[in-house]
1. In the stretch 214-232, what residues are open to solvent by 10 Å² or more (accessible area, probe 1.4 Å) and under 18 Å from ALA126 (Cβ atoms)?
2. Would you confirm whether any residue within the stretch 288-302 is more than 28 Å from LYS348 (Cβ to Cβ), of a type outside the set (A, V, I, L, M, F, W, C), surrounded by 14 or more Cβ atoms within 10 Å (Cβ to Cβ) and out of contact with any Leu (no Cβ under 9 Å at 6 or more places or on another chain)?
3. When you go through (1) over 28 Å from ASP285 (Cβ atoms); (2) under 21 Å from the mean Cα position of the chain (by Cα); (3) open to solvent by less than 10 Å² (accessible area, probe 1.4 Å) one by one for LEU411, which number turns out not to apply?
4. Within the stretch 386-408, work out how many residues are farther than 19 Å from PHE360 by Cβ, surrounded by fewer than 17 Cβ atoms within 10 Å (Cβ to Cβ) and of a type outside the set (Ser, Thr, Tyr).
5. Which condition breaks for VAL72 when tested against (1) touching a helix residue (DSSP H, G or I) at 6+ places or on another chain (Cβ under 7 Å); (2) surrounded by 11 or more Cβ atoms within 10 Å (Cβ to Cβ)?
6. In the stretch 51-106, what residues are of a type in the set (A, V, I, L, M) and in a helix (DSSP H, G or I)?
7. Return the residues of the stretch 234-256 that are open to solvent by less than 10 Å² (accessible area, probe 1.4 Å) and either at pLDDT 90 or above or in contact with a Phe, Trp or Tyr (Cβ under 6 Å, 6 or more places away or on another chain) (or both); say none if nothing qualifies.
8. Would you be able to tell me the number of residues in the stretch 118-153 that are of a type outside the set (A, V, I, L, M, F, W, C), open to solvent by less than 20 Å² (accessible area, probe 1.4 Å) and outside any loop (DSSP other than H, G, I, E, B)?
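The values are calculated or read from the model by the stated rules, or taken from the named source; none is laboratory data. Since the structure is predicted, the reported quantities are computational estimates derived from the model, not experimental observations. Positions of Cβ are backbone-derived with ideal geometry, glycine not excepted, and every protein chain shown enters the neighbour counts. Accessible surface areas use protein heavy atoms only, side chains included; no ligands, DNA or RNA. Shrake-Rupley method; radii C 1.70, N 1.55, O 1.52, S 1.80 Å.
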Amino acid sequence: MTSMQQRAELQRRIWQIANDVRGAVDGWDFKQYVLGTLFYRFISENFANYIEGGDDSVDYAELHDYVITSDVKDDAVKTKGYFIFPSQLFARVAAGANTNESLNTDLAAIFAAIEASAHGYPSEHAIKGLFADFDTTSNRLGNTVRDKNARLAAVLKGVADLDFGDFDASHIDLFGDAYEFLISNYAANAGKSGGEFFTPQHVSKLIAQIAMHQQTSVNKIYDPACGSGSLLLQAKKHFDAHIIEEGFFGQEINHTTYNLARMNMFLHNINYDKFDVQLGNTLIDPHFGDDKPFDAIVSNPPYSVKWIGSDDPTLINDERFAPAGVLAPKSKADFAFVLHALSYLSSKGRAAIVCFPGIFYRGGAEQKIRQYLVDNNYVETVISLAPNLFYGTTIAVNILVLSKHKTDTTLQFIDASGLFKKETNNNVLLDAHIEQIMQVFDSKANVDHFAQSVPFEKVAANDYNLSVSSYVEAKDNREVVDIAQLNAELKTTVAKIDKLRKDIDAIVAEIEGEEP
């Protein structure tokens, strides 16, 4: 099999395992166990590979715990961020899982020990609580200890049987891809709740390319509503890691998703000192104020969520929102996320933010915020995408591109709503579609029915409306009608009808003349 076929087979098997093992448990509720087990195996093999240091004569899993010195443990935690004793390795636990009557409590103790190993070290924040959602006592696993252990053993065995090959760069890629594959499948099957924490890879690829376009290096990349970290990781996947100098930063409000994001970083071999994911509400409790500005910002914040807004009188003086002179509506926080991202953006940077289309044409506070953005020349491009690209919503969303280093005052509008391939449940962007968007984004060329660069004055005169359809004329796909030809055809048809009527009248008269 080719590497692509191997990857596809691996992903097919892991999804089959996820479904077979969960039984009657909802997949969304069970995802932490499959994802957590995959993560447990990865960090075990990663750690054993580090300790062995390429020496084939050493098999860390076969060592006794008591031979590990405190110096070895100290050095390992400083380097890897955590420590795992030989007896705690995934391979050892999985091998005896079927006969271990205390499997659920043993796993809980191992996870607690791994997290505790980082206590007092710089990696503590990155490791603490990683396994919090892997609840080995949950009734989702079964009503009795025996039932719980049986299901846990089945998950461990299933993940243990997956063939990732030798631990090297391709092995790491397979683990990371498998994790992303699982997350995307869970998101696709979870409806709205899934779409809130995962941006499909094909859209993430476009957003990452826009944010990092023409930047040979960025100091760091940031996502203020990072979900499972998929947008940040696309930046790593599509650009050489060395150009992101200080790493990956994100904030997430949902605790379970926050843990998924941190696991995702480790699974893509991003060490604890190269990422910082924080838990909390970005709008009212923002982190990373001391780390800004950021050269690249990517984000797919929740659409039209409620927030405290004007009910908190201090927010109008917040440095993120004060320059606009108005707060986003309490019922629609979209522009609060936009202004937050703008305030964290460096003078050389670019932000690419997925937005609900309504914010680009509604009046009131949102119009005033648009005016602030346009008057200060922060809006580089607005891109309208095809409908049904995201999980849990069929809405045709937009990408708002912000920049603080524009060389002119024009605004670019791209209508990419026709670029998609229809698949079973969702539309997708192909690489060719992304390339087409990126080419016109780079050139700023005018292309009929696709892209227009519009003078600032025209946008201002149009009440600061930023809807793509206001500036890019849609292609008229109606059939062109030749009036002269149509008239000729009508004349012929009328003549035929007249002749037919005369023939019918003649037949009727003949019939009536024959009657007695």
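1. Scanning the stretch 214-232 gives a single hit, LYS220.
2. Restricting attention to the stretch 288-302, the residues satisfying the condition of being more than 28 Å from LYS348 (Cβ to Cβ) are 302.
Retained after the next criterion (residues that are of a type outside the set (A, V, I, L, M, F, W, C)): 302.
Okay, now just the ones that are also surrounded by 14 or more Cβ atoms within 10 Å (Cβ to Cβ), so 302.
Pick out the ones that are also out of contact with any Leu (no Cβ under 9 Å at 6 or more places or on another chain) and you get 302.
Within the stretch 288-302 (the criterion being more than 28 Å from LYS348 (Cβ to Cβ), of a type outside the set (A, V, I, L, M, F, W, C), surrounded by 14 or more Cβ atoms within 10 Å (Cβ to Cβ) and out of contact with any Leu (no Cβ under 9 Å at 6 or more places or on another chain)), the answer is yes, since at least one residue qualifies.
3. Among (1) over 28 Å from ASP285 (Cβ atoms); (2) under 21 Å from the mean Cα position of the chain (by Cα); (3) open to solvent by less than 10 Å² (accessible area, probe 1.4 Å), LEU411 violates only (2).
4. Taking the stretch 386-408 and keeping what is farther than 19 Å from PHE360 by Cβ, we get 388, 391-392, 404-405, 407-408.
Still in the list and also surrounded by fewer than 17 Cβ atoms within 10 Å (Cβ to Cβ): 405, 407-408.
If we keep only those that are of a type outside the set (Ser, Thr, Tyr) as well, we get 405, 408.
Residues meeting the conditions: 2.
5. (1)
6. ILE51, ALA61, VAL67, VAL72, ALA76, VAL77, ALA91, VAL93, ALA94, ALA95, ALA97, LEU103, listed by residue number.
7. Correct list: GLY247, GLY250, GLN251.
8. Count: 2.
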